[in-house]
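A short write-up of the structure that comes next.
No value in this document is a laboratory result; all are computed from the given coordinates. As the structure is a prediction and not an experimental result, all values here were calculated from the model. So basically every Cβ, Gly included, is an ideal-geometry build from the backbone, and we count neighbours across all protein chains shown.
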Amino acid sequence: MVHTQGMVEVIVGPMFSGKTEELIRRLRRAVIAKQKVQVFKPAIDTRYDDREVVSHAGGAFSAIPLASIEQIWDYLDDDTTVVGIDEGQFFGEAINDVVRRLADERDIRVIIAGLDMDFRGEPFGPMPFLMAEADRVDKLQAICVVCGAPATRSQRLINGKPAHYNDPVVVVGASEMYEARCRKHHIVPRD
Ligand code: ADP
């Protein structure tokens, strides 16, 4: 857990696959190894708590919300050796350069968790590029809520029905939720 060179680790998978849980597990171990850990997340993710990354199972780690990834330079302490980033898909493409610089110029171990695919099953934001840059990629699976098979996709439901491919990001007045689904039960109407 003590490292001599910078490195990039990426943890991807659909919603409920345990990405945040795995990120927290690695960060806890880094703390045990006496590493100086800092955790960041996009300011828009207000899922549970503004200043923490929290897994669906309840584990938590304090985190600094960033309006943009470049703000990391304002908050990064000189003695930090491990950086965790949750919900990486919501950062713009500038995250690629930031992550490379953290690893290459500061010898930091960077661990990024995020969705590899959006609800349509298409590559999500900067994650494919971070997966290419990474020294290590772990693709986690959830459990399909329909059949119990391993789930690799996030099903978006609006008022209980599969969201259409062209549905807007925010549907005003609608109740919206997400489920983990396998390839067979992931439905994205396109007509
Ligand atoms: P992620 O960050 O990938 O969304 P979390 O780490 O927040 O995932 O949560 C993972 C936890 O969610 C699991 O350990 C389990 O307790 C719970 N969970 C709820 N629904 C599911 C599901 N369909 N498949 C797997 N785990 C699920």
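Observations
- Around the amide H of ILE112, modelled in the peptide plane, lie the amide H atoms of GLU9, VAL10, ILE11, ILE85, all under 5 Å away and 5 or more residues distant in sequence or on another chain.
- Projected label distance in nm at ILE44 and VAL171, using a 7 Å step from Cα toward the beta-carbon: 1.9 nm
- Here the spin labels are modelled as points 7 Å beyond Cα on the Cα-Cβ line, and at ASN96 and LYS184 they lie 3.7 nm apart.
- Cα-based radius of gyration of region 1-83 once divided by 2.2 N^0.38 Å, which approximates compact folds: 1.10
- Rounded to the nearest 500, the 222 nm mean residue ellipticity of the chain from helices alone is -5500 deg cm²/dmol, with -39,500 (n - 2.57) taken per DSSP H run of at least 4 residues.
- Listed residues ILE11, ILE158, ILE112, most fluctuating in the chain (Gaussian network, C-alpha, under 10 Å): ILE158
- Ranking PRO128, VAL12, VAL146 by how far each Cα lies toward the positive end of the dipole of the chain (charges on Cβ) leaves VAL146 at the top.
- Of all beta bridges that DSSP places with both ends in the chain, some 40 percent have antiparallel geometry.
- Highest-first arrangement of 171-179, 127-135, 82-90, where packing means the average Cβ count within 10 Å: 82-90, 127-135, 171-179
- Within the listed set LEU27, LEU115, LEU66, the Gaussian network model of the chain (springs between alpha-carbon atoms below 10 Å) gives the highest mean-square fluctuation for LEU66.
- Counted by Cβ distance under 14 Å from ALA163, the other residues give a net charge of 0, where Lys and Arg count +1 and Asp and Glu count -1.
- Assuming charge only on the beta carbon of Lys and Arg (+1) and of Asp and Glu (-1), the dipole of the chain about its Cα centre is about 840 debye to the nearest 20.
- Look at THR80, THR4, THR20 and count the other Cβ atoms within 10 Å of each Cβ; fewest to most, that gives THR4, THR80, THR20.
- The chain: relative contact order as a whole-number percent, Cα under 8 Å and 6+ apart: 27 percent
- Summed residue charge, Cβ within 13 Å of ALA103's Cβ, Lys/Arg positive, Asp/Glu negative: -2
- Distance from the C-alpha centroid of region 1-60 to that of region 140-168: 24 Å, rounded to the whole angstrom.
- Degrees separating the helix 19-32 axis from the principal Cα axis of the chain, which is the longest one: 20 degrees
- Viscosity 0.692 mPa s, 37 °C: Kirkwood-radius Stokes-Einstein D of region 7-140 over Cα pairs, µm²/s: 226 µm²/s
- GNM top mover of LEU157, LEU23, LEU102 - the chain, alpha-carbon springs below 10 Å: LEU157
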